[in-house]
Every structure is written in structure tokens, then in C-alpha cells.
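What follows is a set of notes on a single structure, which appears directly below.
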Amino acid sequence: MPPKITNPHRVIHKKLGKEQAYGIAYTDQNKLEIDIRLTGYRYLLYLLHEHFHLKHPDWSETKVRRESSKTARFLWKMNFRYVDLS
């Protein structure tokens, strides 16, 4: 059995239309916001993108985009899917 992993960030799901963004990372609060309307691959991609902003604040936007995209493609090809059972 894999080790229990606690959530390293606070994740808020809300509409981000006014902000014109799919996700926002707040490094000072260790918090990220993800647009609640995202599903499937796009949800995974933007969740990873904001996660990398928090984990690597020194990375450029280009590097964050590249790494989040590579990681999302890998996980998606491995049939990773988010299922909300609530």
C-alpha cells in the first residue's frame, strides 16, 4: 500500500471568469484556486500547472508550462482520471 500523503496545498474550486484564468497560485498562502468548470485533462493540466508554481516559485512561466504539460500527458496516458464521489 502506498504511503499516506497529505495535501501539501489548500485547493479552492471556484469560478475564475472574472480573473480571466483557469488557475491561480498564491505562493505566500500555499494556496491555489482552480476553475470549477474544468474537467478531464484540462483540470489535471491546470492543477499541475498551479502546483508547480507553488513548489518551484523560481521557475519561469515557460518551464512551468513545459513541465506541467509533460506530467499531465504522462499521467493521462497512464489512465489517471479524477473521479469526484461526493
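The values are calculated or read from the model by the stated rules, or taken from the named source; none is laboratory data. Please read all numbers here as calculations on a predicted model, not as lab measurements. Please note: Cβ atoms are built from the backbone with ideal geometry, for glycine as well, and neighbour counts cover all protein chains shown. To get the accessible areas, we keep the full protein, side chains included, count just its heavy atoms, and leave off ligands, DNA and RNA. Shrake-Rupley method; radii C 1.70, N 1.55, O 1.52, S 1.80 Å.
Quick notes on this structure:
- The set of residues in the range 10-29 being open to solvent by 50 Å² or more (accessible area, probe 1.4 Å), over 20 Å from Asp84 (Cβ atoms) and in a loop (DSSP other than H, G, I, E, B) consists of Lys18, Glu19, Gln20, Thr27, Asp28, Gln29.
- The set of residues in the range 18-65 that are among the aromatic types (Phe, Trp, Tyr) and out of contact with any helix residue (DSSP H, G or I) (no Cβ under 7 Å at 6 or more places or on another chain) comprises Tyr26, Tyr43, Tyr46.
- Residues in the range 52-68 include at least one that is touching an Asp or Glu at 6+ places or on another chain (Cβ under 8 Å) and open to solvent by less than 40 Å² (accessible area, probe 1.4 Å).
- Residue match in the range 30-51 (condition: farther than 27 Å from Ser86 by Cα, open to solvent by 30 Å² or more (accessible area, probe 1.4 Å) and assigned to a loop (DSSP other than H, G, I, E, B)): no
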